[in-house]
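*Asks:* For reference, the structure I am asking about is given below.
The values are calculated or read from the model by the stated rules, or taken from the named source; none is laboratory data. The model shown is predicted, which means the values in this text are computed figures rather than measured ones. Cβ sites come from the backbone with ideal geometry, for glycine too, and all protein chains shown count toward neighbours. The accessibility values were calculated without ligands, DNA or RNA, using every heavy atom of the protein model including side chains. Shrake-Rupley method; radii C 1.70, N 1.55, O 1.52, S 1.80 Å.
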Amino acid sequence: MQKFLACFHNGHTSASMPDYLNNQLSYPLLVTSYNEGKLYIENIGSHYSKKVTVGDEILTIDGMPAMKYINENGSVYDSESNPDISKMTYSMFNPSLTLVSFAPKAYKKRLKLEVKTADGIKKVQIPYDIDINPLPSDSARQNKLDYIKKRNLQLNRENILLVDSVNSFAYIRFTKCDKEFDAFFQKHQGVIKKYDNLIVDITDNSGGDGNAVTNAISFLVDNDSLQWNKYKTRINKANYRAKASSRLYYYKANDVSQQDKDLFYPYFYDTAFEDVPYSVFANRLPSAERYKGNIYVITAPNTASAAEFFAIVLTINPKTRILGKRTAGANGQPLVVRLPSGIEVLINTCKTFDYRGRDVSSGITPDYERDFSDIYKIGKPVDWFRKVEEYVNELSQIKK
């Protein structure tokens, strides 16, 4: 079912497993990263350190070239429309890549890896020994899970605010749309308002709660009225679809009137859409309290769902520019279907459009495309800030 729903290429069309199965599944002690067509070890259990270590390239998985294995056994389960996301997020905590990320405990499965190290090519077998839900009484497995979760967290995943008073730049990075970010943003919006330029970094933000960014939107969009994303949803008229089918299959094309073709055929070909009514409401902040400077939103394939919504709404502000790579394409309102088995299915119900009328259902295309992934591999957040700031200044010079 996951593989079938992934064919629709939308992050809001997917299936999740019943909760009770989690007690029967385990992970390998391995986290990887993808760069320029190659797969690297990003984290691995310390007891393998004599053979392989962080930064080593994985050449094969179970005897198959690494990326061929990912494409055949992982990417086909990924729902996002952006093909880059599955390669970038392949790790033990990516629930969409089921064949790769976990397996039943009873299988006693091992990943057989061939790894290119500084000392030559080495082979290693990684057991699936990290329980998704260890028994409360199993302290050893619980400790192991806590350890790998902690190791798997990227550095500085907390909300970050940095400023450059000399060049009048502020930089805010957040990795989840949640209450913590909302509180963080409201606490610091007075500081942000002092600077002429704001960089909003959501390159590693997979979304969360869209309501958690409404206060930030009120501050960053200098409009008296606000509106959410524009949507179109398919019109379902079974009778019109049936009329179209009879004309397509039992009539000659020249015998069908153009009026009938225009009226019935869109319902057969699923091209009949209507606008979804959306609210327009007053900005809760008076103009004097809103941000007046330039806004640069940094996006990547990992930018998804509520984070994409946030980026789109910010473009109401004419001073907003989106930089980076195309986002995940996890847009639209999903229909939730819970099956008797416990499987939960999400089915996207609409197309999403930005305020320029562009269809962004498959991801937001930046105004200026640039792969920023390299800047996060070295240094600290202040170094990331400087690199993005340099790029923005270069753009400003080109525009002049």
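*Asks:* Being β-branched (Val, Ile, Thr) and either open to solvent by 70 Å² or more (accessible area, probe 1.4 Å) or not in a strand (DSSP E or B) (or both) is the filter here, so list the residues in segment 352-362 that pass it.
*Replies:* Residue satisfying the conditions is Val360 alone.
*Asks:* Would segment 382-397 turn up any residue that is among the basic types (Lys, Arg), farther than 30 Å from Asn159 by Cβ and open to solvent by 70 Å² or more (accessible area, probe 1.4 Å)?
*Replies:* no
*Asks:* Which residues, taken from segment 335-350, are open to solvent by less than 50 Å² (accessible area, probe 1.4 Å) and closer than 15 Å to Ser305 by Cβ?
*Replies:* Residues satisfying the conditions are Leu346, Asn348, Cys350.
*Asks:* In this structure, does Thr320 turn out to be in contact with a strand residue (DSSP E or B) (Cβ under 9 Å, 6 or more places away or on another chain) and farther than 14 Å from Gly363 by Cβ?
*Replies:* Yes.
*Asks:* Among (1) assigned to a helix (DSSP H, G or I); (2) open to solvent by 20 Å² or more (accessible area, probe 1.4 Å), which single condition is Glu308 missing?
*Replies:* Glu308 satisfies every listed condition except (2).
*Asks:* Starting from residues that are open to solvent by 60 Å² or more (accessible area, probe 1.4 Å) and modelled with pLDDT of 85 or more, keep the ones in segment 55-72 and report whichever is nearest to Asn82 (Cα to Cα).
*Replies:* My answer is Lys68.
*Asks:* Among the strands (runs of 3 or more DSSP E) contained in segment 165-253, which hold 1 or more residues that are among the β-branched types (Val, Ile, Thr)?
*Replies:* Ranges flagged: 169-173, 197-201, 230-234.
*Asks:* If we keep just the residues of segment 363-377 that are in a loop (DSSP other than H, G, I, E, B) and modelled with pLDDT under 90, which is surrounded by the most Cβ atoms within 10 Å (Cβ to Cβ)?
*Replies:* The residue in question is Phe372.
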